[in-house]
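The values are calculated or read from the model by the stated rules, or taken from the named source; none is laboratory data. Treat the numbers as computed from the prediction; the structure is a model and nothing was measured. Reconstructed Cβ throughout: ideal geometry from the backbone, glycine too, with neighbour counts over all protein chains shown.
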Amino acid sequence: MIKSKDIKAIKESLKAIETCQNEPTRENQQLMAKILCQTLDLLEQQDKKILLMNKTLGKIAGKVMANQRRWP
């Protein structure tokens, strides 16, 4: 699940990128690239957590369905 601190970090990254775009220098472009990579890493980590959670919920749902079949 996406945590509020991760959302806050992404928002801060996007604000930093916006600020850098107003002053396009080489250093700012490198900083923007670094921030974008970090933001994408955060999003990828959250995606992996969500996939794992969905897989776990699928297993639980399968067990519940199997138990329902046993009882009339």
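What do you reckon, is MET65 surrounded by 10 or more Cβ atoms within 10 Å (Cβ to Cβ) and assigned to a helix (DSSP H, G or I)?
So MET65 fails the test.
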Next on the checklist: Please go through (1) surrounded by 10 or more Cβ atoms within 10 Å (Cβ to Cβ); (2) at pLDDT 80 or above; (3) among the polar types (S, T, N, Q) for GLN29 and return the number of the only condition it doesn't satisfy.
Outcome noted: (2)
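Among the residues of segment 14-55, which ones are polar (S, T, N, Q) and either touching a Ser or Thr at 6+ places or on another chain (Cβ under 7 Å) or under 19 Å from LYS3 (Cα atoms) (or both)?
Across segment 14-55, the qualifying residues are GLN38, THR39, GLN45, GLN46, ASN54.
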Next on the checklist: One residue is enough: does segment 40-58 have a residue meeting the conditions in contact with a Cys (Cβ under 8 Å, 6 or more places away or on another chain) and surrounded by 10 or more Cβ atoms within 10 Å (Cβ to Cβ)?
Outcome noted: no
